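Undergrad: Mind looking over this structure? Questions follow.
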Amino acid sequence: MTTQSILPRIYTGPNSPPWPLSVLLALQHLLVQASYLCIFHLLFLATLPPNKLDGFQCWNELLARSFFACGISTVLQCGLGTRLPLVQAPSFEFLIPAMILTQHMSPIRQSKGNSTNAPIEYAGLNCESTRNWDWFLCEVSGAMLVSAVVQVAFGVSGACGWIAKHCGPMVLAPSLAVIGLSAYRPAALLCSENWGIAMLLVLLSILLSQHLASCRLPLCQWSRTGGLSVKSRSPNLHMFSVLFPVSGIWLVCAIMNPIPIAWDVLHPSMHHLTLINSTLQSPWLQVPYPGKQGWPLLSAPAVAVGAAMGVTASIHSIGCYLLCSKALREPLAPQHACNRGLCAEGLGSLLSAVLGSVSGTASSMPNICVSLLTQVTSFRSVWVSALACILLGLSPRLTGHLATIPLAVHGGMLCVTYSMAVGTGISYFQYTNIDSGRNIFIVGFTMFMGLLVPKWLFAAPESLATGCIPIDLFLLSLLMVPVFITGTLSFVLENTVSGTPQERGLLSHFISCKPETAENFLKQHNKNSAQRYKLPLVPRKQQLPSWCKGFPFCFLCPLEEAKEEAVNSYPLEELHCSARETTDLLLKPETVELESDSKQENLGNHKCVTV
């Protein structure tokens, strides 16, 4: 038995650690979130034309506005959304469409001969656009505004919960694996700034989280009766296997090289850019408010790209909800919790857009992966990190100092966190029959296409030209996101190709239960799920006005009557039909019971009905 397997899961769920540990865990979440925000903005700025980098001095304010919006979104997510400890940050599903929008901001129609059907070729990084820096930011903010509307629409319509309900292990496994594998390109780019620092960070994280996982350090506690006492109860090194390496390397690099490193590794035109002057000129306190940097612009390309942002970010968030439930070892998030969570993220993206930011808000995959790596999840630490994020967003000067983190540290952190996403995705195969030809095809085909199509379009974006620029941008923004391709293909194939519930991994929660004990197990499982994800105050049906009893409250806040039905409902028929092939989205005529009086006497012989 390995050291990792004998370690207890400490402070998982609502159990709160002591305040000193809560603060350190909050700093760890904040550091991972800050690194991800810096990566997002650096990669976004690297795609801008060289003549637009003159506005680079607004880096601090851009980063501060993003911190403020992410902090507010985290509060909404933990309080009114899924009620899971999910830290909010922009994801690569926002970055890729934003990069496409900026690179295709000034389309140039070039005709070949006299043909009117020639493909549209867009201006690249070297184009000379008459639009200034503020116009660039406002148009990207407009795309973020549209993505927020799409996220809220997915939530209030119940589509998010419906999709999450049909996301079994054969959907989550390839999707999470591709999310992790798709981050290798930015990770390699950032690590190339200094491979020694990046590999040192990775090795230290492995040493603390795996080899020294059982090492316990003294923990100082104070009480009114006993005063100050020193105890050793928790594996501190294992719990902070990301905080200690990142902060230590950052401190050493700051002492040895106080001047920020030039960022020519991201773009050749950024070799002369440092942030000392802009950081010193930034104010200590600046409250962001809507419209200060201009209002979002809703052009046709921005609307098309924003719609693609909303779709891809929603798919990413659904995977985060289910992954966080696995990290907590709690029941999977029910449909109404997923719907509320996506609405909370949409409100966060809306706030980010009106504040003039270039990044929306979504559940942070790196923070969830850190919880899986350290085996520690605390609600209190997430609340503290959200408060610290809001306060940090009020000070552009403090956020500007985050630019002193070496790029190699960001790259090493991507290597550590996203490798956990790959491993967790692979771990879902244990619930399925991976030797099945059906499952082998779904996994291989979806992952291969998820990595192939974005690579092809990245090399030849002009191959996708329909003659309408907004449609081109919409399709490019969708098809260049690996998780969209893999998630969509795996969802469709998993729910349309027939397979037994055991083969598909749908009996993972009660596959070891005996039929006579499965009923009590499933009832307790559904009861725990209803208690875990419910809102603090859920009104009863007779206390609601007539206009609140239908759409959209039926998808966001189930009434007490509906919750009782959910607790008492359990799919016992699946236990009796584990050998029968089923699908979720297609009708199976041979298994559907005909509603005729002549066959009513045969209903008792059919335990499994697929509709």
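Undergrad: Pairs, please: C-beta under 7 Å, at least 6 apart or cross-chain, first residue at positive phi and in segment 341-356, second among the charged types (D, E, K, R) and surrounded by 24 or more Cβ atoms within 10 Å (Cβ to Cβ)?
TA: Gly356/Arg65
Undergrad: Inside segment 168-190, can you point out the residues that are among the hydroxyl-bearing types (Ser, Thr, Tyr) and either in a helix (DSSP H, G or I) or free of Cβ contacts under 8 Å to residues at least 24 places away in the same chain (or both)?
TA: Initial filter on segment 168-190 (among the hydroxyl-bearing types (Ser, Thr, Tyr)): 175, 182, 184.
Correct list: Ser175, Tyr184.
Undergrad: Mind counting the residues in segment 357-401 that are open to solvent by 20 Å² or more (accessible area, probe 1.4 Å) and farther than 30 Å from Ala337 by Cα?
TA: Residues meeting the conditions: 4.
Undergrad: Return yes or no: is Ser16 among the hydroxyl-bearing types (Ser, Thr, Tyr) and at pLDDT 85 or above? Spell out how you get there, then give the answer.
TA: Details: among the hydroxyl-bearing types (Ser, Thr, Tyr): yes; at pLDDT 85 or above: no.
No: the conditions fail for Ser16.
Undergrad: Then there is this: Find all pairs meeting these conditions: Cβ atoms under 7 angstrom apart; at least six residues apart or on different chains; first residue within segment 444-458 and within 16 Å of Tyr184 (Cβ to Cβ); second residue in a helix (DSSP H, G or I) and of a type in the set (Ser, Thr, Tyr).
TA: Met447/Thr486; Gly450/Thr486
Undergrad: Here is a check on your reading of the model: is Ser317 among the small types (Gly, Ala, Ser), at pLDDT below 75 and either open to solvent by less than 30 Å² (accessible area, probe 1.4 Å) or closer than 30 Å to Leu535 by Cα (or both)? Spell out the reasoning first.
TA: Numbers: among the small types (Gly, Ala, Ser): yes; at pLDDT below 75: no; either open to solvent by less than 30 Å² (accessible area, probe 1.4 Å) or closer than 30 Å to Leu535 by Cα (or both): yes.
So Ser317 fails the test.
Undergrad: Next question, about the same structure. Among the residues of segment 458-467, is there at least one that is within 25 Å of the chain's Cα centre (by Cα) and not acidic (Asp, Glu)? Working first, answer last.
TA: The initial filter retains those residues of segment 458-467 that are within 25 Å of the chain's Cα centre (by Cα), namely 458.
Checking which are not acidic (Asp, Glu) leaves us with 458.
Looking through segment 458-467, at least one residue is within 25 Å of the chain's Cα centre (by Cα) and not acidic (Asp, Glu).
Undergrad: What residue, of Trp195, Trp162, is hydrophobic (A, V, I, L, M, F, W, C), surrounded by fewer than 17 Cβ atoms within 10 Å (Cβ to Cβ) and within 23 Å of Lys326 (Cβ to Cβ)? Don't jump to the end; show me each part of the working.
TA: Details: Trp195 fails: within 23 Å of Lys326 (Cβ to Cβ).
The match here is Trp162.
Let's see how each residue does on (1) touching a Cys at 6+ places or on another chain (Cβ under 8 Å); (2) surrounded by 15 or more Cβ atoms within 10 Å (Cβ to Cβ):
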residue	(1), (2)
Ile405	yes, yes
His410	yes, yes
Gly423	no, yes
Ile471	no, no
Ile485	no, yes
Gln502	no, yes
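Undergrad: Now a separate question. Residue check, Glu193 against (1) over 27 Å from Gln430 (Cα atoms); (2) part of a helix (DSSP H, G or I), all met but one. Which one?
TA: (2)
Undergrad: Here's something else I'd like to know. If I filter segment 294-306 down to residues being among the hydrophobic types (A, V, I, L, M, F, W, C) and buried (at least 22 other Cβ atoms within 10 Å of the Cβ), which single residue comes out as farthest from His104 (Cα to Cα)?
TA: Taking segment 294-306 first, the residues among the hydrophobic types (A, V, I, L, M, F, W, C) are 295, 297-298, 300, 302-305.
The next check asks that each one be buried (at least 22 other Cβ atoms within 10 Å of the Cβ); those that pass are 302, 304-305.
Values: Ala302: 11, Ala304: 12, Val305: 11 Å.
Filtering first and then ranking leaves Ala304.
Undergrad: Across segment 41-68, what is the number of residues that are modelled with pLDDT of 90 or more and aromatic (Phe, Trp, Tyr)?
TA: Number satisfying all stated conditions: 2.
The values are calculated or read from the model by the stated rules, or taken from the named source; none is laboratory data. Everything numeric in this text was worked out from a predicted model, so none of it was measured. Every residue, glycine among them, receives a Cβ derived from its backbone with ideal geometry; neighbour counts consider all protein chains shown. All accessible areas refer to the heavy atoms of the entire protein, side chains included, with ligands and DNA or RNA removed. Shrake-Rupley method; radii C 1.70, N 1.55, O 1.52, S 1.80 Å.
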